[in-house]
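Accompanying notes for the structure given below.
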Amino acid sequence: MKLVDSSVWIDYFNGVVSRETNLLHQLLASEPVVVGDIILSEVLRGFNLDADFNKAKSALLALPVLELCGKDIAVKSAENYRLLRTKGVTIRKTVDMIIGTFCIENGLPLLHCDKDFEPMEKHLGLKVL
């Protein structure tokens, strides 16, 4: 099972060709890909046209959707944030901290193209694709 961050989904739906979007395309044809509830919201909110929104919503909801944040992940993501701060790293977005922590705690590799996840990989053991 692989979790894909909104940074990749947004590029994918916008037709951006990159290492990450190519990998997502391959994964969708061959391996289980899951969507996080927060990621679902981040991706869908960006569509201007109803037809595009509905098409993306149908595609994403065809995949398993995981609830990424509950009490335990909220506390652990705050702990991880504080730990990274002691190392001189500040993660810009709370959502990224939650996504990264969920993946770490559940052993899920993350496909992303967002530099906020790099310190989580280096210092917290986040597995990335």
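The values are calculated or read from the model by the stated rules, or taken from the named source; none is laboratory data. From a predicted model like this one, the values you see are computed outputs, not experimental measurements. No Cβ is skipped: glycine too gets one built from the backbone with ideal geometry, and neighbour counts run over all protein chains shown.
Overview of values
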read-out: Sole exception among (1) closer than 20 Å to residue 127 by Cβ; (2) in contact (Cβ under 8 Å) with a residue 12 or more places away in the chain for residue 57, by number; value: (1)
read-out: Close pairs from region 102-129: first free of Cβ contacts under 8 Å to residues at least 12 places away in the same chain, partner in a strand (DSSP E or B), Cβ under 8 Å, at least 6 apart; value: 121/128
read-out: Set 11, 96, 37: member being closer than 19 Å to residue 124 by Cβ, under 14 Å from the mean Cα position of the chain (by Cα) and of a type in the set (Asp, Glu); value: 96
read-out: Options 62, 56; residue that is of a type in the set (A, V, I, L, M), over 20 Å from residue 128 (Cα atoms), modelled with pLDDT of 95 or more and surrounded by fewer than 18 Cβ atoms within 10 Å (Cβ to Cβ); value: 62
read-out: Scan of region 21-36 for residues that are free of Cβ contacts under 8 Å to residues at least 60 places away in the same chain and within 14 Å of residue 6 (Cα to Cα), ordered by number; value: 21, 33, 35
